[in-house]
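Let me begin by presenting the structure, written as structure tokens, before commenting on it.
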Amino acid sequence: MSSTGIAILGSTGSIGCNTLSVVESFGDERFRVVALAAGRNTKKLAEQIERHRPALVAARDEAAADELLAELKSRGVAAPRVEAGEAGLVAVATREGADCVVSATVGAVGLVPTLRALEAGKRVALANKETLVIAGELMTRAAREAGAELLPVDSEHNALHQCLRGERREEVRRLLLTASGGPFRAKTSRAMEEATVEEAMRHPTWNMGAKVTIDSATLMNKGLEVIEAHWLFGFGPEEIDIVVHPESVVHSMIELVDGSVIAQMGVTDMRHAIQYALTYPERHACRALPRLDLTKLSALHFEAVDSARFPCVGLAYRALRRGGTLPAALNAANEEAVSAFIAGRIRLTDIPRVIERVMDAHGVRPVGDLNVVIEADREAREAARGEIAKSEEASKAAV
């Protein structure tokens, strides 16, 4: 069997590093790394280049590319071809010899390169949920037309993919996405109002980047996953539910029309989902991970989502039901609000307020092409910045 060429968008992040861990666990017989793209973590990227010797890499911008070249020179490592910016991401995503593209960038930056990978007929292992939220119609259409495979890496959607194997669509009543509940699952509304960035970053189960972790604190990550599940599996909003499961052992479930529920369980480690996506439809021993020991599970708990404390979930359902460019506006406003919260400019509870105001003012139109989506994203970001500024002024006036 010839080895599978792997390209990674976001190689220095959590998913990217775990992907390389999975690749290394197979030795040299199964995978080869042909291209990597990362942001500003040039030291980590240089380490990855030294270990895996890709022919092509992309950095966030020209300054980061220069830093990378200097770092490689200091290590005595021969530099591969280095590109920068969105053009670099697209070059990595469409690299000849890349059989599978792991899309693990955070936010809207992954939109264009992921679309180009699908148009090129690549298998895309998708960890960037925002890509489907923003332009699910365009992504799924491109995959169909090019005969490309779109496989989820998010643990919840990966679990649903596994549960749905062998089941007929008409036999499935609904999808059940599980949520850990985040750091504020048992906190009061007042505690959330006063939450610090440090408190919001204390995820009880997963070790993730800042943006994804804050999304988990507001449960916006689950709202985005509802939209993602719609595009991946073809279920309507009324057929997709969320259940809070603090132990994060059951990664998601499906309910069949006869009342049976099928769950996918596993250890809380993204390498399982990554390996599944890289090797599908085959299954291999997961050399990098321990097995789930059921005898050590004391209990499994399930709760309903508190929509009053976590309004982002309802906003995501609203965006999915309305469709068009509203999900893109939701995502853009969320990204801007999360960044403002991390910077200390607004409170955690201001995030859904900013998003709702942007959605209320957004002029929804059909998603005809990529330009429509990009313009909706731009408009929503501009509107969100205005709402963030208003929230800052109101906070100052209240002091």
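The values are calculated or read from the model by the stated rules, or taken from the named source; none is laboratory data. Since we're looking at a predicted model, the values are computed, not measured. Counting neighbours? That spans all protein chains shown, and the Cβs are built from the backbone with ideal geometry, glycine included.
So, in segment 5-33, how many residues would count as being assigned to a loop (DSSP other than H, G, I, E, B) and charged (D, E, K, R)?
First pass over segment 5-33, keeping only residues assigned to a loop (DSSP other than H, G, I, E, B): 10-13, 26-30.
With the extra rule that they be charged (D, E, K, R), the set shrinks to 28-30.
So the answer is 3.
List every residue pair whose Cβ atoms sit under 8 Å apart, with the two residues 6 or more apart in sequence or on different chains, where the first one lies in segment 192-205 and is within 9 Å of Leu348 (Cβ to Cβ) and the second, anywhere, is surrounded by fewer than 15 Cβ atoms within 10 Å (Cβ to Cβ).
Correct list of pairs: Val197/Gly344.
Only one of these is of a type in the set (A, V, I, L, M), surrounded by 16 or more Cβ atoms within 10 Å (Cβ to Cβ) and outside any helix (DSSP H, G or I): Leu36, Leu45. Name it.
Values: Leu45 fails: outside any helix (DSSP H, G or I).
Residue meeting the stated conditions: Leu36.
Looking at (1) part of a loop (DSSP other than H, G, I, E, B); (2) within 24 Å of Leu278 (Cα to Cα), which one does Leu151 not meet, given that it meets all the others?
Of everything listed in (1) part of a loop (DSSP other than H, G, I, E, B); (2) within 24 Å of Leu278 (Cα to Cα), Leu151 misses just condition (1).
Would it be correct to say that Ser103 is at pLDDT 95 or above and under 17 Å from the mean Cα position of the chain (by Cα)? Can you show your working first?
Details: at pLDDT 95 or above: yes; under 17 Å from the mean Cα position of the chain (by Cα): yes.
Yes; evaluated as a whole, the condition is true for this residue.
Would you mind stating whether Arg141 is free of Cβ contacts under 8 Å to residues at least 60 places away in the same chain and in a loop (DSSP other than H, G, I, E, B)? Steps first, answer last, please.
Values: free of Cβ contacts under 8 Å to residues at least 60 places away in the same chain: yes; in a loop (DSSP other than H, G, I, E, B): no.
No: the conditions fail for Arg141.
Checking the condition of a type outside the set (Ser, Thr, Tyr) and crowded, with 23+ Cβ neighbours inside 10 Å, which residue from Ala135, Ala120, Ala142, Ala108 passes? Show your work before the answer.
Numbers: Ala120 fails: crowded, with 23+ Cβ neighbours inside 10 Å; Ala142 fails: crowded, with 23+ Cβ neighbours inside 10 Å; Ala108 fails: crowded, with 23+ Cβ neighbours inside 10 Å.
Testing whether each residue is of a type outside the set (Ser, Thr, Tyr) and crowded, with 23+ Cβ neighbours inside 10 Å leaves just Ala135.
Which one of Arg144, Arg165 is charged (D, E, K, R) and more than 25 Å from Val109 (Cα to Cα)? Write out each step before concluding.
Values: Arg144 fails: more than 25 Å from Val109 (Cα to Cα).
Of Arg144, Arg165, the one residue that is charged (D, E, K, R) and more than 25 Å from Val109 (Cα to Cα) is Arg165.
Can you name every residue in segment 196-220 that is closer than 20 Å to Leu320 by Cβ and either in contact with a Gly (Cβ under 8 Å, 6 or more places away or on another chain) or surrounded by fewer than 21 Cβ atoms within 10 Å (Cβ to Cβ) (or both)? It would help to see each step written out before you state the result.
Just the residues of segment 196-220 that are closer than 20 Å to Leu320 by Cβ, to begin with: 212, 215-216, 218-220.
Correct list: Ser216, Thr218, Leu219.
Determine the pairs where a residue that is in contact (Cβ under 8 Å) with a residue 24 or more places away in the chain, located within segment 57-70, has a partner that is assigned to a strand (DSSP E or B) and of a type in the set (A, V, I, L, M) with Cβ atoms under 6 Å apart, the partner being 6 or more residues away or on another chain.
Val57/Leu36; Val57/Val82; Ala58/Ala37; Ala59/Ala84; Asp61/Ala84; Leu68/Ala59
I need a count of the residues in segment 87-103 that are touching a Lys or Arg at 6+ places or on another chain (Cβ under 6 Å) and either in contact (Cβ under 8 Å) with a residue 40 or more places away in the chain or not polar (S, T, N, Q) (or both).
To start, the set of residues in segment 87-103 that are touching a Lys or Arg at 6+ places or on another chain (Cβ under 6 Å) comprises 90, 93-94, 100-101.
From the residues that got through so far, the ones that are either in contact (Cβ under 8 Å) with a residue 40 or more places away in the chain or not polar (S, T, N, Q) (or both) too are 90, 93, 100-101.
Residues flagged as touching a Lys or Arg at 6+ places or on another chain (Cβ under 6 Å) and either in contact (Cβ under 8 Å) with a residue 40 or more places away in the chain or not polar (S, T, N, Q) (or both) within segment 87-103 amount to 4.
Could you tell me whether Val92 is under 25 Å from the mean Cα position of the chain (by Cα), within 24 Å of Met270 (Cα to Cα), at pLDDT 95 or above and assigned to a strand (DSSP E or B)?
Working: under 25 Å from the mean Cα position of the chain (by Cα): yes; within 24 Å of Met270 (Cα to Cα): yes; at pLDDT 95 or above: yes; assigned to a strand (DSSP E or B): no.
So Val92 does not fit the description; no.
Just give me the residues in segment 186-204 being within 24 Å of the chain's Cα centre (by Cα) and not aliphatic (A, V, I, L, M), in sequence order.
Within segment 186-204, Thr196, Glu198, Glu199, Arg202, His203, Pro204 qualify.
Could you grab me the full set of residues in segment 276-312 that are under 18 Å from Gln264 (Cβ atoms) and among the basic types (Lys, Arg)? Full working, then the answer.
Taking segment 276-312 first, the residues under 18 Å from Gln264 (Cβ atoms) are 276-286, 289-294, 297, 300-302.
Once the filter is applied, which keeps residues that are under 18 Å from Gln264 (Cβ atoms) and among the basic types (Lys, Arg), segment 276-312 yields Arg283, Arg291.
Search segment 71-86 for residues that are hydroxyl-bearing (Ser, Thr, Tyr) and pair each with any residue that is part of a helix (DSSP H, G or I) when their beta-carbon atoms are under 9 Å apart and the residues are at least 6 apart or on different chains.
Ser74/Ala46
List, please: which pairs have Cβ atoms under 8 Å, are six or more places apart or on different chains, and start with a residue in segment 312-324 that is free of Cβ contacts under 8 Å to residues at least 60 places away in the same chain and end with one that is part of a helix (DSSP H, G or I) and hydrophobic (A, V, I, L, M, F, W, C)?
As it stands, the answer is Arg318/Leu326; Arg318/Met359, since those pairs meet every condition given.
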